[in-house]
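The values are calculated or read from the model by the stated rules, or taken from the named source; none is laboratory data. This structure is a prediction, so every number in the text was calculated from the model and none was measured. As a convention, Cβ positions derive from the backbone with ideal geometry for all residues, glycine included, and neighbour counts pool all protein chains shown. The area values use the complete protein model at the heavy-atom level, side chains included, leaving out ligands, DNA and RNA. Shrake-Rupley method; radii C 1.70, N 1.55, O 1.52, S 1.80 Å.
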Amino acid sequence: WVPQVQPRVEELSELYRELSQHPWLSSACLGPDLTTQYGGKYCSLYTEWLQRDLARAENVKFCRQYLIFHDGASIVYSGPAGTCSEIKGELLSRESPSGTLKAVLRKVPGKEKEKEKEKQFLEVWDQNRKVKSIDLTALDKHGSVYDDDQFGCLTWSHSETHLLYVAEKKHPKAESFFQSKAPELGTSDEDTGHPKKEDAPIKGEQFVYHENWGETLSTRSVPVLCVLDIEGSSISVLEGVPEHLSPGQAFWSPEDTGVVFVGWWHEPFRLGLRHCTNRRSALFYVDLTGGKCELLSEDTRAVWSPRLSPDSCRIVYLENDVLGPHQQCSRLRMYDWYTKQTSTVLEIVPRQEWGTFPGIYCGALPGMCWAADSRRILLDTAQRSQQDMFVVDTATGSTTLLTADGPRGSWSVLTIDRDLLVARFSTPCCPPVLKVAVLPAAGHEAQAQWICLQDAPSVPSISWGIRTLQPPPEQENPQYGGLDFDAILLRPSEGPTAKKPPLVVMPHGGPHSVFTAGWMLYPAALCRVGFAVLLVNYRGSLGFGQDSVASLPGNVGTQDVHDVQLCVERVLQEEALDASQVALVGGSHGGFLACHLIGQFPDTYRACVVRNPVVNIASMVASTDIPDWCLTETGLPYAPDALPDPAQWTEMLRKSPIRYVDQVCHCPHPVPIPVSSANAEAMLLPQVRAPVLLMLGEDDRRVPPKQGLEYYHALKARGVPTRLLWYPGNNHALAGVEAEADGFMNIALWLLKHLEC
C-alpha cells in the first residue's frame, strides 16, 4: 500500500460523495396481472429507493416502475418503464387488494403566516386521479398517525371500503392552575349542542410525564387502532383493546369481521422496543360489532410480524421467549383461523450446521411472504456471515435454500405476489441490485431463475472474503463448547508489489447482531481510502445458532473481546497486512468492545473511534431505555420491580471497559492473568494509550451520551489524546445524513493521522 500523498479533505469528501450516491432499495409492490392483445401476461413493479442528498442534508425517497412479462412459469421479458421520480411527503402507502386503488398517508407543512403545525392527510387514489383527501389533523379524532415499522400499518379491508391504521391516542388539553384567560369554546356535541367535555382543558396536567417506547419511538406512548370509512369519510377509534396493551401491526380478519393485531404489555412500565424482539406481547382479535377482544396466541411470549395467507385461513408469525437477549433465534408459529389451533412450523435451532437451515434471525417477515398456494412462505435470514432466502413449507416444516445457485452475499425478500418474487441483492463491493424470479413449484424451488432488473456497478478496488475461526481450548465456553465464529475481511485490490495496508477492526454492536456480506457504506469507503477492514462476528452473533447467542450473556468483556483479539492476531499472521498499524472502529456494543480492546491489549492498537459506546454498564442501567440489557448481558437476572444490589453493581462495573482506563484496578479481574503479588485486590492492568475519537448522538435513548462523556473525561484527565464530536438531533444510530457524512470524514482523518498513513 503506497500512499502517494496523504489524502486531502477534498479527496475524501469526493470519495464519500461518490459512494453515498448509491441508493438503497427499500420496498417493492407488484401490480395486478394484465393481458396483452396477444394473450400474454404482464404486470407493473413499483419500487421505492432511498438516497442520501448531501446538498439538502436529507434522505431522498424516489420511485421507479418496471414491466414484467411472464407466462406463469418464467419471466419472458422485463425492463424499466420511465425514469425515477422523487416522492415528497409520503409517510405510508398501500395498494388495495385488487390493485385499482392506492391509499397514501401524507404530511403537509403548515402555512407559515398562520403558524400552522404540520398536518397529516389520508388520500385515496384511483388509477389516474385522487378521489379522497381527508385532513386527519383537522378531524382531531386522534394524535399523529404512526408511520414506523414497529406499530404502524395502513391496511385495506378485503371489501376495499375501509382503511385501518394506528395513531397516537388523543390526549386531553391541559393548562396551568393559574390560567386567567377564559378557555376557548370547543366544538359542539352533535346531540346537545353544548361544548364537548373533552375539549375543556384540564388544569394542572401540563407537565404530567407520558411514558414512551424509547429509542426512535419517543413520540409513541398510547397507540390506538383507527378505521376510515372511505365512502363516508368518517373515522372511528376502535374500542375493546385492553388498557394494559399497546396495539400495532394490525390487519383485517377474514370477511372483515374484526381486526387482528399484536398487543404489547406496557405494565408496569414501558421498556425500549426498537430492535427488542423479547418484549411480552401476543396476537389478539377484536370484534368490530361487540368490541370483544380475544387472545389468539400464548400470552407469556413475545410475538410479532403476523401475516395472513392469501386464502385467509392461516396466520404465521414470529415468536421469542420474553426477556433474555434482545435478538435471538426465533420460532415460526402458525394459527389456523377456522380450527383455532396453533402449531410450530419451525423451532429454535441450537447449532448452525453447514447445509442445514440456520434458524430464523430477522426483524420481521416480508409484508407479502405467502406463495400463491397458501402453504409455502418465503423469508430471509442470516446464515453465518451471509443472508439467504428460504422457502418454508408450513405443512411439513421443510425448508429449501432459494439462493443455493446464486452468488454469495446478502439476499432479502422484498415481496412475493402470485408467485412473482422480488428480491434485493448486494455484496461488500456491490451496492443493492433488484432481482425478480418466478417461484417454481413445490419441490423445485432451488431451480429459480433470477433476472436482474436494476443493476449496480461494482465498486472497484475492493476484494472480500469470509474466514471461520475456532477459539483455542482455554477460551472455549464451558457450557457451550465447540462454537466457532466468522469474520469478513475487505481489502484494497492492489498489485503484487503493493505494500501492506493498515488494518481497521470493526466489531458489530448488539451484541446479538451480525455483519452479513452485503453493502455497507463505511467499510467500503474506508477500503477505498486504502485500509483493510475486518468485520468480526464474534460468538454471540446471530446466524450461528441459539447456543452461540446464549453463550455470551455473563461473558461480555471477556469472550467477545478474546474472539476479536484472536481474529486480529490470526489475520495479521495470515494476511499481508501492516501489524504495526491497527485501529478500531465500533458503535454501541462494538464501541464497548473497542474500548475494552485498547485497554486490555494496548500494544496492538494505534487508534480508536467509538460511536455511542457502552463504557460503564453500572452507570448506564439507570438512564437507558433498556435496563434489562445491562443485567442480562452481565449475566444477572432482570425483574422490573427489583433494584440491583451492591454485588450486582460491582459485577456490572467489572464487565465494563471504563475499569481499564487506570493502571491499577482494585476489584477482581474477570480474566485469569499472572499476578506476582499475593495481593490480588490490586493488580497491575494495562492503561489506555491509543488516541480516541468519540462520536455521540445528543438524542440517544439507548446508550445515553453521558456514557461517552464519562469516558471522554476519564481519558482527558489522564492525558490520552481524545476528541469528542456531538451530534444534535441524532439518536443511537447517528444516521442523519449530515452526521453520517461528517462522521466518515472525521473517522478517515483520525485514522490517517494516527496510523501515520
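May I ask you to derive the FRET efficiency for ALA622 and ASP140 from their Cβ-Cβ distance with R0 = 41 Å, giving the value to the nearest 0.05?
Values: r = 38 Å, r/R0 = 0.92.
Computed FRET efficiency for ALA622 and ASP140 comes out at 0.60.
Can you give me the solvent accessible area of THR722 with a 1.4 Å probe, rounded to the nearest 10 Å²?
Spelled out: THR722, probe radius 1.4 Å, area about 30 Å².
How tilted is helix 737-754 with respect to the longest principal axis of the chain? Cα atoms for both, answer in degrees (0 to 90, nearest 10).
Relative to the chain, helix 737-754 is tipped by roughly 10 degrees.
So what's the gap between the Cα centers of the range 26-100 and the range 381-439, to the nearest angstrom?
19 Å
Could you state how much accessible area ASP126 has, in square angstrom rounded to the nearest 10, with a 1.4 Å probe and all protein chains kept in place?
60 Å²
Once the piece of chain linking GLU267 and TRP354 is laid out straight, how much longer is it, given 0.36 nm per residue of separation minus the C-alpha distance between them? List each step's numbers first, then the result.
Details: separation 87, 0.36 × 87 = 31.32 nm, distance 4.23 nm.
Taking GLU267 through TRP354 to full extension adds about 27.1 nm, to one decimal.
Consider all pairwise Cα distances in the range 609-657 and report the whole-number % of them above 16 Å. Can you show the working numbers first?
Values: 371 of 1176 pairs.
Of the Cα pairs, 32 percent sit more than 16 Å apart.
Roughly speaking, what is the stretch gain from ALA639 to SER13, that is 0.36 nm per residue apart minus the C-alpha to C-alpha distance, in nm to one decimal?
Values: separation 626, 0.36 × 626 = 225.36 nm, distance 4.81 nm.
Full extension from ALA639 to SER13 adds 220.6 nm.
Rounded to the nearest whole Å³, what is the per residue volume of the convex hull around the Cα atoms of the range 79-139? Could the numbers behind the result be given before it?
On the way: hull volume 7.5 nm³, N = 61.
Roughly 123 Å³ of hull volume per residue.
Taking only protein heavy atoms into account and a 1.4 Å probe, give the accessible area per residue of the range 384-465 in Å².
On the way: 2840 Å² over 82 residues.
Result: 35 Å² per residue.
Which order do you get for GLU347, GLU298 if you rank them by accessible area with a 1.4 Å probe, largest at the top? Spell out each step's value before the answer.
Numbers: GLU347 100, GLU298 75 Å².
Reading off the accessible areas and sorting them downward yields GLU347, GLU298.
Can you pull the Kirkwood radius for the chain, inverse mean 1/r over Cα pairs, to one decimal in Å? Display every interim value, and only then the final one.
Values: mean 1/r = 0.0357 Å⁻¹.
Answer for the chain: a Kirkwood hydrodynamic radius of 28.0 Å.
Of the accessible area of the chain, with the probe set at 1.4 angstrom, what percent is carbon plus sulfur? Before the final figure, lay out the partial values.
Working: 16790 of 32900 Å².
Accessible surface attributable to carbon and sulfur in the chain totals 51 percent.
Could you please report the charge total around ASN731, scoring K, R as +1 and D, E as -1 over all other residues with beta-carbon less than 12 angstrom from its beta-carbon?
Working: positive: ARG274, ARG611, ARG701, ARG702; negative: GLU215, ASP625, GLU698, ASP699, ASP700.
For residues surrounding ASN731, the net value is -1.
Please give the Cα centre distance for the range 525-601 versus the range 694-757, rounded to the nearest Å.
19 Å
Would you rank LEU577, LEU749 by solvent-accessible area, highest first, keeping every protein chain in place and using a 1.4 Å probe? Let's see the in-between values first.
Numbers: LEU577 5, LEU749 60 Å².
My answer, sorted largest first, is LEU749, LEU577.
Mind checking which lysines have their Cα closer than 25 Å to the Cα of LYS41? Skip sequence neighbours fewer than 8 apart in that chain.
LYS102, LYS435
Distance in nm between label sites at GLU160 and VAL322, each 7 Å beyond Cα in the beta-carbon direction?
Using points 7 Å along Cα→Cβ, the separation is 4.2 nm.
Using all C-alpha to C-alpha distances in the range 501-597, build P(r) with 10 Å bins and read off the rounded percent in each one.
Result returned by the calculation: 16, 49, 30, 5.
Please report, to two decimal places, log10 I(q)/I(0) for the range 543-673 at q = 0.09, 0.11, 0.14 Å⁻¹ as given by the Debye formula with identical point scatterers on the Cα atoms and no solvent.
Rounded to two decimals, the profile gives -0.28, -0.42, -0.67.
Between LEU653 and ALA81, with labels modelled 7 Å along Cα→Cβ, what's the label distance in nm to one decimal, could you check?
Output for this residue pair reads 6.6 nm.
What ranking do 100-109, 411-420 get when scored by the average of other Cβ atoms within 10 Å per residue, highest first? Please report the intermediate quantities before stating the final value.
Details: 100-109: 17.3, 411-420: 21.5.
By packing density, highest mean first, the sequence is 411-420, 100-109.
Kindly provide the helix-only [θ] at 222 nm of the chain, computed as the sum of -39,500 (n - 2.57) over DSSP H runs of four or more divided by all residues, to the nearest 500 deg cm²/dmol? Each step should come with its number before you reach the end.
Working: 11 runs with 109 residues, N = 757.
Theoretical 222 nm ellipticity from helices: -4000 deg cm²/dmol.
Where does each of ARG307, ARG408 land when they are ordered by accessible area, with a 1.4 Å probe and the largest first?
ARG408, ARG307
Please give the helix 9-20 orientation as an angle from the longest Cα principal axis of the chain, in degrees from 0 to 90, rounded to the nearest 10.
40 degrees
Given R₀ = 22 Å, what would the calculated FRET efficiency be for GLU112 paired with SER218, taking r from the Cβ atoms and rounding to 0.05?
That pair, GLU112 with SER218, gives E of 0.25.
Lysines within cross-link reach of LYS173: Cα-Cα under 29 Å, excluding same-chain residues under 8 positions apart?
Correct list for LYS173: LYS107, LYS111, LYS113, LYS115, LYS117, LYS119, LYS141, LYS181, LYS196, LYS197, LYS203.
Along Cα→Cβ, 7 Å out, is where each label goes; now give me the distance between the ones at SER44 and LYS500 in nm to one decimal.
For the pair SER44/LYS500, the computed spacing is 5.8 nm.
Please name whichever of SER385, ILE451, MET695 sits farthest to the positive end of the charge dipole of the chain, dipole taken about the Cα centre and charges placed at Cβ: Lys and Arg +1, Asp and Glu -1.
Towards the positive end, the residue furthest out is MET695.
Round to the nearest 10 and report in Å² the accessible area of THR650, as given by a 1.4 Å probe over the protein chains' heavy atoms.
Accessible area, nearest 10 Å²: 70 Å².
Please report the orientation-averaged projected area of the range 52-153, defined via the convex hull of its C-alpha atoms, in nm². Spell out each step's value before the answer.
Values: hull surface 41.4 nm².
Its average projected convex-hull area is 10.4 nm².
Pop the C-beta distance of ALA576 and SER26 into the FRET formula with R0 = 30 Å and round what comes out to the nearest 0.05.
On the way: r = 38 Å, r/R0 = 1.28.
Once rounded, the FRET efficiency stands at 0.20.
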